[in-house]
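Below is one structure; the comments refer to it alone.
The values are calculated or read from the model by the stated rules, or taken from the named source; none is laboratory data. Treat the numbers as computed from the prediction; the structure is a model and nothing was measured. FYI the Cβ positions are ideal-geometry reconstructions off the backbone, even for glycines, and counts take in every protein chain you see. These accessible areas exclude ligands, DNA and RNA; they are computed on the full protein's heavy atoms, side chains included. Shrake-Rupley method; radii C 1.70, N 1.55, O 1.52, S 1.80 Å.
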Amino acid sequence: RKGPHKSAKMTDSKYFTTTKKGEIFELKAELNSDKKDRKKEAVKKVIASMTVGKDVSALFPDVINCMQTDNLELKKLVYLYLMNYAKSQPDMAIMAVNTFVKDCEDSNPLIRALAVRTMGCIRVDKITEYLCEPLQKCLKDEDPYVRKTAAVCVAKLYDINAQLVEDRGFLDMLKDLLSDSNPMVVANAVAAISEILETSQTALNMLEMNSQIINKLLTALNECTEWGQVFILDAISNYTPKDDREAQSITERITPRLAHANSAVVLSAIKVIMKLLEMMEQNSDYVTVLVKKLSPPLVTLLSAEPEIQYVALRNINLIVQKRPDILKHEMKVFFVKYNDPIYVKLEKLD
């Protein structure tokens, strides 16, 4: 009785391995189909398998062949696959370089941006050099969506090969984007520069801020998305004005941000103003009025949800050490409520 049972088990396992191979074989045939719909369905199946952790790297050349398409959805899927397997299949990934270069000159700006975004995510040294030329073109693209995507790509490229980015003049191109006519491009350029400066001291001299750049950033500030505003405000906070007058003029243009609905924008604006206050004559009427303006937004943050309250309290703790009189008439907001989470209670007491 043992004999047949054992052989049945053997057949079972054989059955599973053949289906697996069969599945890859079937997908291969579908990926190379002449029918566009079948091709698209096959790529979707490949991505689905990849998402649940199956190894579909054997299909690399077949999926890459599907890149040559005008269909944006299909292209996105292929690029997704490419990002996932480029690291483990660097030699294969080189096959896709020509398509990248071609896609960076496509008439559709969404495809140009998609190509440049994916290029930044492929961390393969061999490929990086091929990406320089298409990236240079995209940084000067006529479409702002492409330019803003390319700006972020420079920071990613810097992380892979800083020397290459410096040698090819990408930092200067990034600095030029700070004067871009589109506020989102400016915000992304600022974000990319901030990221580069966090990791590198050598870039500091090349990306130094001056009055003209700060002026442009302040102009873009009014038209940016909220996270763009946060990036710009954080960049301005690292700038030291040349005199009291400049500090005052920057403050005047930032003060309206204190009424913003997003707490991150409010806190970033407060951070800049706190820093600029140190530059100004301490006893002037202007400073007295300005300090009074900081109180209401901080009080407003303390009626938000507990997590925001906690962040606000941590910031207030530092602010009050610097300027004890800011909240002297607002004691009530620090009263502990019975339903405050413990971390908020402790911060309020502190």
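Below is a table of values for the structure above.
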item	result
Positive-end residue, region 93-193 charge dipole about Cα centroid, Cβ charges, pick of Cys104, Ala93, Ser179	Ala93
Modelled FRET efficiency - R0 56 Å, Ala162 with Asp55, Cβ distances, 0.05 increments	0.95
Accessible-area composition of region 86-132, carbon plus sulfur, in percent [1.4 Å probe]	53 percent
Where only alpha carbons of the chain are counted, the Rg and the Dmax (Å)	27.5, 100
Rough spin-label spacing in nm, given labels placed 7 Å along Cα→Cβ, for Asn108 and Lys45	2.4 nm
Accessible surface of region 274-335, 1.4 Å probe, proportion on carbon and sulfur as whole %	57 percent
C-alpha long axis of helix 285-301 to longest principal axis of the chain, angle in °	40 degrees
Whole-percent carbon and sulfur share, accessible surface of region 148-269, 1.4 Å	47 percent
Crossing angle, helix 144-160 versus the chain [Cα axis fit, 0-90 degrees, rounded to tens]	80 degrees
Tyr338/Ala264 FRET efficiency (R0 30 Å; Cβ-Cβ; nearest 0.05)	0.55
Theoretical ellipticity at 222 nm over the chain - DSSP helices of four or more residues, -39500 (n - 2.57) apiece, nearest 500	-22000 deg cm²/dmol
Low-density loop positions, GluC sites (Glu not before Pro), region 298-350 - DSSP coil, at most 14 other Cβ in 10 Å	Glu330
Where the chain is the region considered: accessible area per residue in Å², 1.4 Å probe	55 Å²
Qualifying chymotrypsin sites (Phe, Trp or Tyr not before Pro) for region 296-336 [loop in DSSP, other Cβ within 10 Å: at most 16]	Phe335
Shape call, region 169-327: gyration tensor on alpha carbons, a/c limit 1.5	prolate
Stokes-Einstein translational diffusion, region 235-350 - Kirkwood Rh over all Cα pairs, 0.692 mPa s, 37 °C, in µm²/s	221 µm²/s
Angle in degrees between helix 244-254 and the longest Cα principal axis of the chain, rounded to the nearest 10	50 degrees
Isotropically averaged projected area of region 101-226, using the convex hull of Cα atoms (one quarter of hull area), nm²	7.4 nm²
Cα→Cβ-extended label distance, 7 Å offset, between Lys36 and Met95, nm	2.4 nm
³J(HN,Hα), Karplus 6.51/-1.76/1.60, whole Hz, each residue of region 42-56, x for Gly, Pro	5, 4, 4, 5, 4, 5, 4, 4, 4, 5, 8, x, 6, 8, 10
Charge dipole (debye, nearest 20) of the chain; +1 at Cβ of Lys and Arg, -1 at Cβ of Asp and Glu	1860 debye
Residues in region 84-116 reached by a label modelled at Lys137 [backbone nitrogen below 20 Å; 7 Å Cα→Cβ]	94-116
Efficiency of FRET between Lys322 and Cys121 - r from beta-carbon atoms, R0 35 angstrom, step 0.05	0.25
